[in-house]
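**Q** Structure provided below as structure tokens; questions to follow.
The values are calculated or read from the model by the stated rules, or taken from the named source; none is laboratory data. Owing to the predicted nature of the structure, the values given are computational and were not obtained by experimental measurement. For neighbour counting, all protein chains shown are included, and Cβ atoms are generated from backbone atoms with ideal geometry for every residue, glycine included.
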Amino acid sequence: MPYADLRAYMDRLEKEGDLKRIKTEVDWNLELGAIMRRANDLREPALLFEKIKGYPSDYKVLANLVGASKPNVFARVCLSLELPVNTPAPEIIEEIVRRFEHPVKPVLVDKGPCKENIIKGDAINLLKLPVPHFRGYDGGRFIGTWHTDITRDPDSGWVNWGMYRHMVHDGRSIGWLANPGQHGPGMYYRRYEAKGEAMPMAVVIGTDPACASASMSLVASGVNEVDLAGGLRGEPVQLVKCETIDLEVPATAEIVLEGEVLPGERRPEGPFGEYAGYFASDKGLQPVFRVNCVTHRNQPILPVSTPGKPFDDTTFVYSLYGSAALTMELRKMGFPFKSVYLTPSMMAVIISAKETYPGYVHTLSSAIWGTKVGVYRPVVIVVGDDVDVTNMDEVMWALTTRVHPVRDIHVKKRAPSHALFPFLSPEERATHTGAAVCYDATFPFEWKENTPRIADFEHAWPEEIQNLVLSRWKEYGFK
Ligand SMILES: Cc1cc2nc3c(=O)[nH]c(=O)nc-3n(C[C@H](O)[C@H](O)[C@H](O)COP(=O)(O)O)c2cc1C
Ligand SMILES: [Mn+2]
């Protein structure tokens with residue numbers, strides 16, 4: 001049975017001993033954020049903050065929903081997908097691909113718990129919710145760090161689900177880090193603002209894990225992420241109509257903000273800890289989401305995340321779902337490869353393949369840079385099909401033994417870049433003129449039988465000896 005809502009997922013975590021209730025009163029101002037980061041680093045369970053300073057105990061905050069776990073770092077991601085907790089990363093990625101390839105359309109229902117409270121107009125005060133100021137260097141309190149931003153393309157009708165961070169400006173408006181290459185922001189700049197129109201948007205906070213995960217999955221344009229959320233769950237997402245705009249939202253959501261992004265309006269936004277692990281960019285002028293209606297469940301739970309130095313819940317979930325989206329896009333293009341991994345820093349893509357002709361690495365790296373996932377990935381590493389792309393020891397071994405420093409490092413000048421790339425100079429960051437690199441960690445195709453032989457179990461013994469040893473393994477006294 002898929003999780004009906006955030007609470008069903010929380011119950012499952014609690015049953016598995018993977019949820020910790022923090023009953024001590026904590027301050028939304030820096031203390032809560034510091035606790036969640038340290039708990040993540042120590043691979044503690046997910047955290048439910050039950051008493052936030054200055055707020056009634058009806059308002060709770062849920063952190064580290066799919067954060068780093070023990071003993072398997074991905075155990076909580078596995079629970080969110082209802083997979084065995086020890087499923088290895090390559091299998092999690094393939095399972096996401098399988099479910100994405102069987103999308104399920106949503107169903108419209110008349111009512112849902114997200115309508116238990118409806119607040120409109122001047123009665124709205126977003127800071128009635130215990131919105132944390134996570135870190136000392138964050139630009140403010142962030143209400144949207146694990147949510148779904150829903151927008152509609154007015155021409156094609158395509159409804160996109162994305163996740164773009166939201167800093168609170170005041171009781172009725174929030175910021176929106178709207179990079180033009182992303183789908184929701186793309187609709188705003190090109191379909192609405194260009195015509196001088198306001199863009200309706202719904203911000204849905206607190207859903208079952210499938211909805212939030214689909215919203216950050218980097219899938220190609222034109223795809224309805226709600227159908228993918230249905231695919232992840234194996235059952236349709238139930239949607240209800242918004243009160244004030246022509247959009248539909250998950251019926252069991254904890255909190256829904258309905259409103260619009262006005263044309264031409266900008267306010268300073270950020271900084272915020274970012275996926276690459278730094279506060280790389282300073283405050284910037286960004287569009288503003290004005291909230292006209294809030295609906296929420298009784299005793300709403302606010303889910304939160306703090307992207308930062310990998311690992312944490314956002315960086316590796318983003319990486320696993322991004323790897324799945326990239327796998328699907330590359331398979332569609334038809335260039336043979338074995339597997340592909342978007343690292344949790346989101347800066348590098350590692351792909352393994354058998355070289356099929358001289359220079360095949362250029363075909364592969366160009367293919368990657370031509371996808372939605374690949375546009376802003378400055379590092380591509382191509383390894384042989386003997387290397388596990390999710391195992392950094394193996395990848396490092398290939399990088400340091402197969403890359404010829406002169407022959408195998410291919411630099412692309414003025415590649416698509418943005419302000420969050422930590423290695424760019426301030427001038428490059430401002431002008432988005434960065435660079436990208438492909439490391440060819442494969443031996444040249446022309447070497448063929450002269451390629452250095454790998455000295456491991458699979459490559460250094462005849463197959464019949466390998467089979468013999470494998471078949472007698474228990475006989476030798478091993479488990
Ligand atoms: C916690 C979190 C915050 C994010 N914030 C932003 C953001 O502010 N701006 C942005 O462009 N992408 C952000 N992302 C990445 C997008 O969610 C991701 O690229 C997603 O695919 C966007 O949806 P789209 O492909 O439909 O545009 C964030 C991801 C996570 C996990
Ligand atoms: Mn999208």
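**Q** Check off (1) under 21 Å from V61 (Cα atoms); (2) at pLDDT 95 or above for M333 and give me the number that stays unchecked.
**A** Condition (1) is where M333 drops out.
**Q** Still on this structure, I have one more. Give the residues of segment 33-61 that are charged (D, E, K, R), crowded, with 18+ Cβ neighbours inside 10 Å and outside any strand (DSSP E or B), sorted by residue number.
**A** R37, E44
**Q** Hey, another quick one. Determine if segment 145-156 includes at least one residue that is within 18 Å of V226 (Cα to Cα) and surrounded by fewer than 18 Cβ atoms within 10 Å (Cβ to Cβ).
**A** yes
**Q** Please determine whether any residue of segment 39-57 is without any contact (Cβ under 8 Å) to a residue 40 or more places away in the chain, closer than 30 Å to G171 by Cβ, assigned by TED's automatic domain parsing to the domain that holds W146 and within 18 Å of the chain's Cα centre (by Cα).
**A** Looking for residues that are without any contact (Cβ under 8 Å) to a residue 40 or more places away in the chain, closer than 30 Å to G171 by Cβ, assigned by TED's automatic domain parsing to the domain that holds W146 and within 18 Å of the chain's Cα centre (by Cα), one finds at least one in segment 39-57, hence yes.
**Q** Given R290, R266, which one is farther than 25 Å from L424 by Cβ, assigned by TED's automatic domain parsing to the domain that holds M216 and modelled with pLDDT of 95 or more?
**A** R290
**Q** Just to confirm my filter: which helices (runs of 4 or more DSSP H) fall fully inside segment 324-434 and include at least 1 residues that are in contact with a helix residue (DSSP H, G or I) (Cβ under 8 Å, 6 or more places away or on another chain)?
**A** 360-369
**Q** Also, quick follow-up: Residues to consider are I96, I92; find the one that is under 18 Å from T315 (Cβ atoms), within 16 Å of ligand 2 (Cβ to nearest atom) and in contact (Cβ under 8 Å) with a residue 24 or more places away in the chain.
**A** I96
**Q** Give the residue, chosen from K338, K354, that is in the same structural domain as A419 (by TED's automatic domain parsing), of a type in the set (D, E, K, R), away from ligand 1 (no atom under 16 Å from the Cβ) and at pLDDT 95 or above.
**A** Matching residue, one of K338, K354: K338.
**Q** Return a yes/no flag: does segment 300-318 have any residue that is among the aliphatic types (A, V, I, L, M), buried (at least 24 other Cβ atoms within 10 Å of the Cβ), in contact (Cβ under 8 Å) with a residue 12 or more places away in the chain and out of contact with any strand residue (DSSP E or B) (no Cβ under 8 Å at 6 or more places or on another chain).
**A** Yes - at least one qualifying residue is present in segment 300-318.
**Q** Considering only segment 210-230, I want to know if a residue exists there that is away from ligand 2 (no atom under 16 Å from the Cβ) and at pLDDT 95 or above.
**A** No; the residues of segment 210-230 include none that is away from ligand 2 (no atom under 16 Å from the Cβ) and at pLDDT 95 or above.
**Q** A follow-up question, please. State which residue pairs qualify: first residue modelled with pLDDT under 95 and inside segment 135-163, second residue within 12 Å of ligand 2 (Cβ to nearest atom) and assigned to a strand (DSSP E or B) in any location, beta carbons under 7 Å apart, and separation of 6 or more residues or different chains.
**A** none
**Q** Filter segment 134-177 down to the residues that are touching a Gly at 6+ places or on another chain (Cβ under 9 Å) and of a type in the set (V, I, T) and list them by number.
**A** If the condition is that a residue be touching a Gly at 6+ places or on another chain (Cβ under 9 Å) and of a type in the set (V, I, T), then T148, I150, T151, V168, I174 are the ones that fit.
Every residue, every condition in (1) assigned by TED's automatic domain parsing to the domain that holds G384; (2) acidic (D, E); (3) surrounded by 11 or more Cβ atoms within 10 Å (Cβ to Cβ), yes or no:
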| site | (1), (2), (3) |
| --- | --- |
| F423 | yes, no, yes |
| E428 | yes, yes, yes |
| A436 | yes, no, yes |
| P444 | yes, no, yes |
| P452 | yes, no, no |
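**Q** I'd like to check something: does segment 186-204 contain any residue that is within 14 Å of ligand 1 (Cβ to nearest atom), in contact with a Ser or Thr (Cβ under 9 Å, 6 or more places away or on another chain), in contact (Cβ under 8 Å) with a residue 60 or more places away in the chain and part of a helix (DSSP H, G or I)?
**A** Scanning segment 186-204, I find at least one residue that is within 14 Å of ligand 1 (Cβ to nearest atom), in contact with a Ser or Thr (Cβ under 9 Å, 6 or more places away or on another chain), in contact (Cβ under 8 Å) with a residue 60 or more places away in the chain and part of a helix (DSSP H, G or I), so the answer is yes.
**Q** While we're here: Report whether or not R141 is among the basic types (K, R), buried (at least 17 other Cβ atoms within 10 Å of the Cβ) and within 16 Å of ligand 2 (Cβ to nearest atom).
**A** No: the conditions fail for R141.
**Q** Suppose the filter is surrounded by 20 or more Cβ atoms within 10 Å (Cβ to Cβ), modelled with pLDDT under 95 and not assigned by TED's automatic domain parsing to the domain that holds Y55; does T327 pass it?
**A** It is false that T327 is surrounded by 20 or more Cβ atoms within 10 Å (Cβ to Cβ), modelled with pLDDT under 95 and not assigned by TED's automatic domain parsing to the domain that holds Y55.
**Q** Could you tell me whether A89 is buried (at least 19 other Cβ atoms within 10 Å of the Cβ), more than 20 Å from M10 (Cβ to Cβ) and small (G, A, S)?
**A** In short, yes.
**Q** Moving to a separate point now. Pairs only if they're at least six apart or on different chains, beta carbon under 9 angstrom, first in segment 230-248 and in the same structural domain as K105 (by TED's automatic domain parsing), second aromatic (F, W, Y) and outside any loop (DSSP other than H, G, I, E, B); list them, first residue then second.
**A** Cβ pairs passing all conditions: G231/F100; L232/F100.
**Q** Quick one: which of F421, F443 is closer than 17 Å to M346 by Cβ and in contact with a Lys or Arg (Cβ under 8 Å, 6 or more places away or on another chain)?
**A** One residue alone meets the criteria, F421.
**Q** Another question, if that's okay. Yes or no: L285 without any contact (Cβ under 8 Å) to a residue 60 or more places away in the chain, under 20 Å from R141 (Cβ atoms) and in contact with a strand residue (DSSP E or B) (Cβ under 9 Å, 6 or more places away or on another chain)?
**A** Judged against the criteria, L285 is a match.
**Q** Can you tell me which residues in segment 233-254 are of a type in the set (V, I, T), closer than 15 Å to A212 by Cβ and part of a strand (DSSP E or B)?
**A** V249 - this is the single residue of segment 233-254 that is of a type in the set (V, I, T), closer than 15 Å to A212 by Cβ and part of a strand (DSSP E or B).
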